[in-house]
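One structure follows; several queries about it will come next.
FYI, it's all coordinate maths here, none of it is from the lab. Because the structure is a prediction, the values reported are computed rather than measured. Counting neighbours? That spans all protein chains shown, and the Cβs are built from the backbone with ideal geometry, glycine included.
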Amino acid sequence: MTPAIRFLKDWFKGMDWILIGAVIPIVAFGMITMNSFADVSDLFNKQLIWFGLSIFVFFIFSLIDFKFLRRTRVIVWLYVLSFTLLFLLFLIGSAFQGAQSWFSIGALSFQPADMAKIVLILLLAKYFSRRHIEIKNLRHILVSGIYAFLLFLLVALQPDFGSALIIFMIWFGMVMVSGISKKHLILVFTVGALSFGALWIFVFADYQKNRIMTFIHPLHDIQGVGYNAYQSTVTVGSGQVLGKGIGNGTQSRLNFLPEYETDFIFAAYAEEWGFIGVIILFALYSILIWRILANSIRGATNFEVLFGLGLSILFMSHFFVHVGMNIGLLPITGLTLPFMSYGGTNLLFSFAGLGILMGMRRYSRAAHRDMAGNEFLGLK
């Protein structure tokens, strides 16, 4: 057997083809939905290019041994880079729909928040994996919270409340699975809730309170700020059981539903594919999360385990918030659906995250794994 054939054989065995088999149809469903209205949008062609680049990055990353990510210096530099890029947005970033969240280079746009989410997962995985013996110390909630808060603040000030929410959920989710004392966590949130209550009573003006209430309950003003949320729920319901068929989504085609390629792609998809299509889509996302968790548990060390858990939290948070706002259960935050919504950097870094996971899977060693300190996660 030649070295090239041996390499290809090892590469083939090292891939999680069930995971890939779940992701590709999700991407396809998104692109089909975009292409349904090709006469009014050229985003399909752009997304196709981004998809090709993302697949390339995924397979390249799957070949890399990511042990170097366990080094503190590497993680710190990645965090500093993400922080710097987010800060530079306020100086040279491009504004779109009121949010200064992108760097524009010709026809291409880059959104640093997507990179920051993956970097935060890596940083928290590194931080918690080294401190599992003393993890119940209150100090670790505060220190990890500061790391997350700095990124959260820069993203929220753009303002990009959707991505800021995801950054918070990544931190909260990884804190929950890391073994940190729940009593200390409750104490931190109690202080936060009391602080917000004090601001509500003594600081916020009436117009500020109204903005917050409208954000939480957008359907109370369907002729104003709640218009998008209302149209989204109508669009989802109009698909009924079997859907209207590809290209026949009237709510999207007639522009009643805005941003159907990004913020409301689930609603546009549900209108065309109906309840049956939604069940298929939910099943594919369930398989994706299952395979991420299955691969994370096989991690050689706590760092790999925590990275996989963080990646699953990232995708689940995006999924539940996006679907929730599309069916009127959550406020409109402008959050995309992973692998399905249009967005080059989101697609690229989503596949990059999966590529890192596959690289970790490939270079995990059973003997090392048996000796790994997984006990703080309840895995041993």
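As an exercise, identify the trypsin sites (Lys or Arg not before Pro) in the range 66-171 lying in DSSP coil whose Cβ has no more than 11 other Cβ atoms within 10 Å.
R71
A follow-up question, please. Once label points are set 7 Å from the Cα along Cα→Cβ at both F103 and N35, what is their separation, rounded to one decimal in nm?
For the pair F103/N35, the computed spacing is 3.2 nm.
I want to check the label-to-label distance for I186 and R6. Put each point 7 Å from Cα in the C-beta direction and report it in nm to one decimal.
Each label point lies 7 Å from its Cα, and together they span 5.8 nm.
Can you give the extra length, in nm with one decimal, that the chain gains between L157 and F275 once fully stretched, where that is 0.36 nm per residue apart less the Cα-Cα distance?
Between L157 and F275, full extension yields 38.7 nm more.
Shifting gears a bit: If we count other beta carbons within 10 Å of each Cβ, what is the order of Y147, Y342, Y260, fewest first?
In increasing order of surrounding Cβ atoms, one gets Y147, Y342, Y260.
Report the net charge of residues surrounding F68, where surrounding means a beta-carbon distance below 14 angstrom and charges are Lys +1, Arg +1, Asp -1, Glu -1.
+3
In percent, what relative contact order does the range 20-104 have, based on Cα pairs under 8 Å that are 6 or more apart in sequence?
Averaging sequence separation for qualifying contacts and normalising by length gives 11 percent for the range 20-104.
For W102, what residues show an amide H to amide H distance below 5 Å, using hydrogens built from the backbone and excluding near sequence neighbours?
Here S94 satisfy the definition.
On full extension of the chain, what length is gained from N137 through W17, given 0.36 nm per residue of separation minus the C-alpha to C-alpha distance?
Length difference between fully extended and current span is 39.2 nm.
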